[in-house]
Amino acid sequence: MRVAILGGGIGALTAAFELTRPERGGAHQVTVYQQGWRLGGKGASARNPACNFRIEEHGLHLWMGCYENAFRIIRDCYAELGRPAGAPLSTWEQAFLPQDQVVLMERHGAGWVEWPQHFPVLDSRPGEANAIEHPADLVGGVLRWAVNLLLERHGVDRWAPPAGACRSRLGPLLLGSRRLDDWTGWALGQLDRALLLLARILGAPDTAAARTFHRTLATLLGALRGALRLAPGRGLNDPDWDRLVTTLDFLLTNVIGVLTEGFLVPPHGRVAQLRYSDWLHNLERIDHLDYRTWLSQHGARPRTVQSCVVRGLGDAVFNSGHPGAAGTALNGLFRLNLTYRGSLFYKMAAGMGETVIAPLYQVLRARGVQFRFFHRVLGLHLGRDGRIKDFDVAVQAKSRDEYRPLFDVPVPGGTLPCWPPQPDFSQLEGGAALDAQALDFEAPRAVPGEVVETHRDFEVVVLGIPVGALGPLTSELSASSVRWRRMLSELRTTRTQGLQLWFDRNFAALGRTGSPAVLTGYAEALDTFADMSHLLGTEAWGPGAGAIAYLCGSLDDQGPDEEQAERVERSSRDWLGAHGPRILPGLFGPQGLHQQQVVSTYSRANVHPSDRYVLSVPGSAAHRLRADDSGFPNLYLAGDWVRTGLNVGSVEAATMAGRRAARSILGLHFPIAGDLD
């Protein structure tokens, strides 16, 4: 079967990877059509040889420990790539570095304070699970989280019960610890009762009994939450106590809401028979609500609703300034914090381009996948039978032979295949003339001399182009399908921006101490900050640079696209002057920024339609289409805008969509962890 894949982002590459696994026997001939000279979509990055081979990203890319599907693909990719031992990034473990701390930035008066969050390292590895834990176990995980917050305040070791611990009680020995005051002991006793009730919910013989236990448990937790707010002798003058109350209020409210809404009740049978897909469908019932509204409806304090705990969830998916869908946010909270393997998240040991995209390209090319670079898709066309009959592409440039997009960058221990920041014009016909014109091959507009072609040499199409760019490409589909029109009109996207800074000294000299954490929930628009100094060894600065910082955030729609690069460069300087002293005090003096300490900067405004980030606003998930339900018989969908079990812009969502598209084309049924199966 001939398969045309339009676009080269994570979703598209995942579909190609699954379709062409060696065990498939080469039954599918796959061709990938990609605008410009590089793959990766919003995950594309480059190495700039004119500036010490620095990494230039779209923004900050982190892989969460809950990315079961994405890690499965990348682990299989590295195994097949087979780099020799000792070579740079020879294994996936070398390519992904575990991180266990996040710092939430909390408003305090006119300023900000840092609120470190430490997550335990688990004895597991991402990419090995075929399914997510039972939803009742996830709820039990929230209760255990609350237990550990209380224990940590009193210096008691973290409680780490075995798997399936919604059935495990704290025990009298723990409750009798002399290090706990009377109030804390009472609160732990209530949580102990809650875990017992949760176990009874799992064992309930029918849905009626389960609902009774739901109400009882919700009442118990509501009483605990009320007592927590009225605990004697404590108040806002104790910031540690206020943070504890805020976090516990947040956790308990989420569980109370889950119980009150009946999300643990299956459509039929016992709670123990509740499938993860049932849980996801239950959460969809509240997806028309803003998450903050839902929390308020279930009794959260206003301070909790406006806290950095809630705001940080939105900032993680560029949703700052936009309402977040309640069901999607709740699912994200549980997935991110309670289903991670190993560590909460992972930083990449190099740029995303060479850590993820280049290995995928190399493996796929070795399998026989054809790549058509410089092919900008113009439109898809329908036949009378409602199938995709052909599509038009603009050939932006022609290569003299097969275009080879990668070049080797020297790193410790050898070289890494990387993507350049512009095409290799020496491989293109008339390359010198093209180079002289300073063309943007990734922009949604024609380049001089491009030729339009119509392609019909396929049986199946996988559409992996981001939703922000689909309007003009799919006008015939919109005219034919109400569902397609609604998807395009109801899904919201946003511009984003990124800033990378290289400094001449380390972060300790700049006033930052401690582990290289990620900060989020900070001042807009660059609300997320990460210490990325571990990348120094992969670039060619030598002693000239001592630290690297990445910052990113959303970018509003004010002004035309062509003015945004200059606008972001200017606003980044302003933001750094206003908010930099709080996080990098050593970079500033009485006269402001010590400019000489900044070795290099790279800022980016992601404004092209294909670069816009899909949002999870209330009501939008209902209009997403599944990868195997486009409404057109031979058209499958791949990308983070597709309806999956994780409807947020992310590598994992794109991977899930790509896997489902491939699974449907293959006619197989391999597991997709956390999906709507």
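The values are calculated or read from the model by the stated rules, or taken from the named source; none is laboratory data. Keep in mind the model is a prediction, meaning the values are calculated, not measured. With ideal geometry, Cβ positions are generated from the backbone for all residues, glycine too; neighbour counts draw on all protein chains shown. Just the protein is used for accessible areas: all its heavy atoms, side chains included, with ligands, DNA and RNA removed. Shrake-Rupley method; radii C 1.70, N 1.55, O 1.52, S 1.80 Å.
Scanning the range 500-517 for residues that are open to solvent by less than 10 Å² (accessible area, probe 1.4 Å) and aliphatic (A, V, I, L, M), we see that the one that is modelled with the lowest pLDDT is ALA517. Residues that are more than 33 Å from the chain's Cα centre (by Cα) and not acidic (Asp, Glu) were ranked within the range 439-460; the one that is nearest to ARG387 (Cα to Cα) is ARG456.
Counting residues that are open to solvent by 10 Å² or more (accessible area, probe 1.4 Å) and of a type in the set (Lys, Arg), which strands (runs of 3 or more DSSP E) fully inside the range 27-117 reach at least 1?
54-57, 101-108
Of all residues in the range 423-458, those being in a loop (DSSP other than H, G, I, E, B) and over 25 Å from VAL363 (Cβ atoms) number 15. Scanning the range 640-658 for residues that are of a type outside the set (A, V, I, L, M, F, W, C) and open to solvent by 10 Å² or more (accessible area, probe 1.4 Å) yields ASP640, ARG643, ASN647, SER650. The residue that is modelled with the highest pLDDT, counting only those in the range 277-296 that are open to solvent by less than 30 Å² (accessible area, probe 1.4 Å) and of a type in the set (Ser, Thr, Tyr), is TYR291. In the range 433-454, is there at least one residue being small (Gly, Ala, Ser), within 27 Å of SER603 (Cα to Cα) and touching a residue at least 40 places away in the same chain (Cβ under 8 Å)? Among the residues of the range 433-454, at least one is small (Gly, Ala, Ser), within 27 Å of SER603 (Cα to Cα) and touching a residue at least 40 places away in the same chain (Cβ under 8 Å), which makes the answer yes. Residues satisfying the criterion are present in the range 243-264 (criterion: farther than 30 Å from ASN130 by Cα and open to solvent by 30 Å² or more (accessible area, probe 1.4 Å)).
Find all pairs meeting these conditions: Cβ atoms under 7 angstrom apart; at least six residues apart or on different chains; first residue within the range 574-587 and under 14 Å from ALA509 (Cβ atoms) and touching a residue at least 12 places away in the same chain (Cβ under 8 Å); second residue surrounded by fewer than 21 Cβ atoms within 10 Å (Cβ to Cβ) and not basic (Lys, Arg). Taking only residues 6 or more apart or on different chains, the pairs are LEU584/GLY511; PRO585/GLY511; GLY586/ALA509; GLY586/GLY511; LEU587/LEU593; LEU587/HIS594; LEU587/GLN597. Of the residues making up the range 363-386, those that are of a type in the set (A, V, I, L, M) and closer than 28 Å to ARG24 by Cβ are VAL363, LEU364, ALA366, VAL369, VAL377, LEU380.
So that you can scan it fast, the table gives a plain yes or no per residue for (1) in a loop (DSSP other than H, G, I, E, B); (2) in contact with a Pro (Cβ under 8 Å, 6 or more places away or on another chain); (3) at pLDDT 90 or above:
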position	(1), (2), (3)
LEU151	no, no, no
VAL156	yes, no, no
ARG169	yes, no, no
GLN190	no, no, yes
ARG215	no, no, yes
ALA231	yes, no, no
ARG234	yes, no, no
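Can you confirm whether ALA16 is small (Gly, Ala, Ser) and closer than 16 Å to ARG659 by Cα?
In short, yes.
Check the range 305-319 and report whether any residue there is closer than 21 Å to PHE263 by Cα, hydrophobic (A, V, I, L, M, F, W, C), touching a Gly at 6+ places or on another chain (Cβ under 9 Å) and not in a helix (DSSP H, G or I). The answer is no; no qualifying residue exists. Filtering the range 557-612 down to residues that are open to solvent by less than 30 Å² (accessible area, probe 1.4 Å) and assigned to a loop (DSSP other than H, G, I, E, B), which residue is nearest to PHE529 (Cα to Cα)? Top of the filtered list is LEU584.
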